[in-house]
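The values are calculated or read from the model by the stated rules, or taken from the named source; none is laboratory data. Bear in mind the structure is a predicted one, so any value in this text is a computation, not a measurement. Using ideal geometry, Cβ is built from the backbone for each residue, glycine included, and neighbour counts are taken over all protein chains shown.
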Amino acid sequence: MSTNVLVTGGCGFIGSNLVRYLLRERPAWKVVNLDRLTYAGNLENLLGLEDDARHVFVHGDVGDRECVERVLQEHAIDCVLHLAAESHVDRSIEGPAVFVTTNVLGTQQLLEACRTRGLRRFVQVSTDEVYGSLGPSGAFTEESPLQPSSPYSASKTGADLLALAYHHTYGLDVVVTRCSNNYGRYQFPEKLIPRMVVNALRNQKLPVYGDGQHVRDWLHVEDHCQGLLQALERGRAGQVYNLGGGAERKNLDLVKGILAALGKPESLIEFVTDRPGHDRRYAIDPAKSRRELGWTPRHSFEAGLADTVRWYVEHPEWWERVLSGEYRRTVTLTRRGH
Ligand code: NAD
């Protein structure tokens, strides 16, 4: 469908996996990666692509209209996969303002630039957290009410609604995807799985919120990338698609599984005060994505988690440089300033 695709936030966890995935699955495409390089943006996630002319890194902010318009024009962009965001719930509780700036206002600026240029498709990459929390049974469908609990999920909800409004009002071809918790390589070690692995490897305490009985559904990042590509190529304009991993796990069980995989004792677990407003359970009904996109996750959670844990074990240089802050000095991929 597309040849010139813009990935925003392509130096983050999912974005960098997506850049690699697209270059592998669609070898004829050009992938332009617009990223502001916040603390979560890491050029080392893209090592190995320095000499790949199909990938162009642009250092810039999605909220900077002039920059975005220049990128759209210079690279003749026809499709956008919008991932750039502030993404960490705990940080949104500490300081919500930047979440509104990037996730809501930044998305609106990007949409506006896309609208005025005309695009084949804009994919808004979102989260199941926009639906709020579930009881012990049931699963979110695309029709579930939007009841975000945290400043993060509220800002993502705002962005989703703006994207859909740009479809209904201006006819911009928009598809929204909402996925469950991702796991995989290159995830910033503030998020649950890499944080626990890294702490365990360093024999440090593994902090578990509350009673550890919160349930999350886990989706391998490669399965997510596949879902995004299928939403881009097969989704219907104006539609929302839920992408779930079908792997619900209690946080405590997950942490115990990581310790077992690493041969570390459960005495490293430390229960800490629960996060304010902590959603109890998320689960996704992916029937619509299966039906309309032909999407099903391929990774079993057990195998995917084992592979992910192994990757962090085998790549201490990656996470040590993140923890020390050294990664922010990397300028390996040519920075094209705005
Ligand atoms: P991340 O925090 O790892 O990466 C975000 C990237 O966006 C970083 O590279 C950062 O530098 C960049 N960025 C931030 N503000 C920017 C701005 N103003 N302009 C340009 N770039 C900017 O996030 P992630 O976990 O890879 O998540 C990517 C997307 O997927 C987000 O939109 C998030 O809401 C969504 N999502 C993530 C998960 C998950 O489990 N990680 C689940 C559901 C949805």
Exercise for the section: Filter the range 186-244 down to residues that are assigned to a loop (DSSP other than H, G, I, E, B), touching a residue at least 24 places away in the same chain (Cβ under 8 Å) and more than 15 Å from the ligand (Cβ to nearest atom), then give me how many there are. Expected result: 12
Exercise for the section: Would you mind telling me which numbered condition in (1) part of a loop (DSSP other than H, G, I, E, B); (2) over 21 Å from D64 (Cα atoms) H167 fails? Expected result: (1)
Exercise for the section: Keeping to the range 91-127, report how many residues are away from the ligand (no atom under 12 Å from the Cβ), under 22 Å from L146 (Cβ atoms), in contact (Cβ under 8 Å) with a residue 60 or more places away in the chain and buried (at least 17 other Cβ atoms within 10 Å of the Cβ). Expected result: 1
Handout entry: the range 70-83 - residue that is surrounded by fewer than 17 Cβ atoms within 10 Å (Cβ to Cβ) and in a helix (DSSP H, G or I) and, of those, nearest to the ligand (Cβ to nearest atom)
Key = R70
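What do you reckon, is T308 surrounded by fewer than 13 Cβ atoms within 10 Å (Cβ to Cβ) and either at pLDDT below 90 or part of a helix (DSSP H, G or I) (or both)?
The answer is no for T308.
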Completion exercise
Contact list, first residue from the range 76-90 and in contact (Cβ under 8 Å) with a residue 24 or more places away in the chain, second anywhere and small (G, A, S) and within 12 Å of the ligand (Cβ to nearest atom), beta-carbon distance below 6 Å, six or more apart or interchain, is L83/G9; L83/G15; A84/G9; V89/S150
Practice task
Go through the residues of the range 55-69 one by one and say whether even a single one is away from the ligand (no atom under 14 Å from the Cβ), assigned to a helix (DSSP H, G or I), surrounded by fewer than 20 Cβ atoms within 10 Å (Cβ to Cβ) and modelled with pLDDT of 95 or more.
Solution key: yes
Practice task
State yes or no: is L162 under 27 Å from V19 (Cβ atoms), touching a residue at least 40 places away in the same chain (Cβ under 8 Å) and touching a Cys at 6+ places or on another chain (Cβ under 9 Å)?
Solution key: no
